[in-house]
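Reading through the structure tokens given below for one structure.
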Amino acid sequence: MRRLIIDTDPGVDDAFAIALACASPEVDLLAVTTVAGNIGIEHTTRNALNILALCGREDVPVAAGAHRPFSRPVRGDDAHGNDGLGGHAYAIPASTAVVDKRDAVTLLKDMLEASDEPVTIVAIGPLTNIALLLAAHPSVKAKIDRLVVMGGGIEGGNITPSAEFNVWVDPEAARRVLVEEDVPVTLVPVDITMRCAVGDPWLNELATTPVGRELVAMTPHYRAFYLEEVGRDDFVMHDAIAVAEAIEPGVLRTTQLRLEVDCTDGPGSGATIADRRKPASPGERVVDVALDADVEALTGTILSRLRGRSD
Ligand code: RIB
Ligand code: CA
């Protein structure tokens, strides 16, 4: 079994990612922790509870985390609508579960300390909770198999020409995790997630199942945003690609890179910068950056799993 904790800001593509984890028999989903990002913490937390209920997993504990980035003002966009699920949050049944009384960092610490096997943390929102966890409880690093992080853009961004949204929201937290900490990281940047976008045939096939129908109903607002902002009319399921890698290590082909994160307030704010001038020296911090995959096989597997088939 693959022990996972998902840290998330649902979020339309977060919903697909959480559903993929719930639909994968080899996943032991220990917890879901929420962070402000696509929308405020109240919405991301309520959405996480309701997405888990939609997937029949009200048993998975959900704890709320950071309401805002480390050190800079809250900033965001309207990609996910005013409820975080493309205006479809009202239509999915409300969970009967209640939010865990612990905050996200405490739940993460408790779950890691209690686990007798290493845990993969899949971070698919701003990295505020993860940076806080590692700063406040460094002893849990021994229990983390790796972080699989959806974020960054080596050849450019999505929220600005230079920055990807999760890193842009909290660059200081991203720099802590990607540059200053030593926990193994697999970074899943927009360089690969944008290549894994899917169109109507894929979505129409997914919509033939009850859960899939609700997921697809969340996508029109998000797709319209991407058409307007980056000229793409298909569905870019960034976060599900990170969960797919967490479930099946190596499904994405990675390159070890030394990274820097731009924490200025200039046009490069939130950029993830790869230093390719020379190979990393022994012991130097590197990140496994996913830059390639068999995209057709990957999106096909995700569809099969979301439709409830494990092939
Ligand atoms: O840039 C894409 C990332 O930002 C995804 O995690 C999406 O949910 C948004 O949070
Ligand atoms: Ca997200």
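The values are calculated or read from the model by the stated rules, or taken from the named source; none is laboratory data. Please read all numbers here as calculations on a predicted model, not as lab measurements. Cβ sites come from the backbone with ideal geometry, for glycine too, and all protein chains shown count toward neighbours.
Within segment 142-166, the residues that satisfy the criterion of being near ligand 1 (Cβ under 10 Å from one of its atoms) and among the β-branched types (Val, Ile, Thr) are VAL149, ILE159.
Determine which member of the set GLY87, GLY76 is more than 13 Å from the chain's Cα centre (by Cα), farther than 18 Å from LEU132 by Cβ, of a type in the set (Gly, Ala, Ser) and within 13 Å of ligand 2 (Cβ to nearest atom).
Step by step, each of GLY87, GLY76 is checked, and only GLY76 is more than 13 Å from the chain's Cα centre (by Cα), farther than 18 Å from LEU132 by Cβ, of a type in the set (Gly, Ala, Ser) and within 13 Å of ligand 2 (Cβ to nearest atom).
Flag not set for ALA79, criterion: under 27 Å from THR160 (Cβ atoms) and part of a helix (DSSP H, G or I).
Residues of segment 19-37 that are free of Cβ contacts under 8 Å to residues at least 40 places away in the same chain and either in contact with a Pro (Cβ under 8 Å, 6 or more places away or on another chain) or assigned to a strand (DSSP E or B) (or both): ASP28, LEU29, VAL32. Does segment 217-239 contain any residue that is farther than 23 Å from PHE16 by Cβ and either at pLDDT 95 or above or not β-branched (Val, Ile, Thr) (or both)? No, because not a single residue in segment 217-239 is farther than 23 Å from PHE16 by Cβ and either at pLDDT 95 or above or not β-branched (Val, Ile, Thr) (or both). Scan segment 284-298 for residues that are part of a loop (DSSP other than H, G, I, E, B) and among the aliphatic types (A, V, I, L, M) and the total you get is 1.
Would you check if THR44 is polar (S, T, N, Q), within 15 Å of ligand 1 (Cβ to nearest atom) and not in a strand (DSSP E or B)?
So THR44 fits the description; yes.
Total residues in segment 6-19 satisfying the condition of being more than 9 Å from ligand 2 (Cβ to nearest atom) and over 13 Å from LEU52 (Cβ atoms): the figure is 2.
In segment 48-69, is there at least one residue being at pLDDT below 95, under 25 Å from ALA136 (Cβ atoms) and within 16 Å of ligand 1 (Cβ to nearest atom)?
Looking for residues that are at pLDDT below 95, under 25 Å from ALA136 (Cβ atoms) and within 16 Å of ligand 1 (Cβ to nearest atom), one finds none in segment 48-69, hence no.
For segment 203-219, the count of residues that are of a type outside the set (S, T, N, Q), in contact with a strand residue (DSSP E or B) (Cβ under 7 Å, 6 or more places away or on another chain) and on the phi < 0 side of the Ramachandran plot is nonzero. Taking segment 167-182 as the range and being farther than 14 Å from LEU134 by Cβ and away from ligand 1 (no atom under 13 Å from the Cβ) as the test, only PRO171 passes. In segment 274-283 there is no residue matching the filter, namely being of a type outside the set (D, E, K, R), outside any loop (DSSP other than H, G, I, E, B) and under 22 Å from HIS80 (Cβ atoms). Can you find a residue that is away from ligand 2 (no atom under 15 Å from the Cβ) and under 25 Å from CYS55 (Cβ atoms) anywhere in segment 254-264? Scanning segment 254-264 turns up no residue that is away from ligand 2 (no atom under 15 Å from the Cβ) and under 25 Å from CYS55 (Cβ atoms). Across segment 100-129, which residue is surrounded by the fewest Cβ atoms within 10 Å (Cβ to Cβ) among those that are more than 14 Å from LEU4 (Cα to Cα) and within 17 Å of the chain's Cα centre (by Cα)? Per the stated criteria, the residue is VAL105.
In segment 130-146, the qualifying residues are those that are under 15 Å from the mean Cα position of the chain (by Cα) and surrounded by 24 or more Cβ atoms within 10 Å (Cβ to Cβ), and the one that is nearest to PHE16 (Cα to Cα) is ILE130. Modelled with pLDDT of 95 or more and within 13 Å of THR8 (Cβ to Cβ) - does that describe any residue in segment 86-102? No, there is no match, as no residue in segment 86-102 is modelled with pLDDT of 95 or more and within 13 Å of THR8 (Cβ to Cβ).
Taken over segment 38-81, the criterion of being among the hydroxyl-bearing types (Ser, Thr, Tyr) and touching a residue at least 60 places away in the same chain (Cβ under 8 Å) is satisfied by THR44, SER71. May I ask you to list the residues in segment 232-250 that are away from ligand 2 (no atom under 16 Å from the Cβ) and buried (at least 17 other Cβ atoms within 10 Å of the Cβ)? ASP234, ILE247 - these are the residues of segment 232-250 that are away from ligand 2 (no atom under 16 Å from the Cβ) and buried (at least 17 other Cβ atoms within 10 Å of the Cβ).
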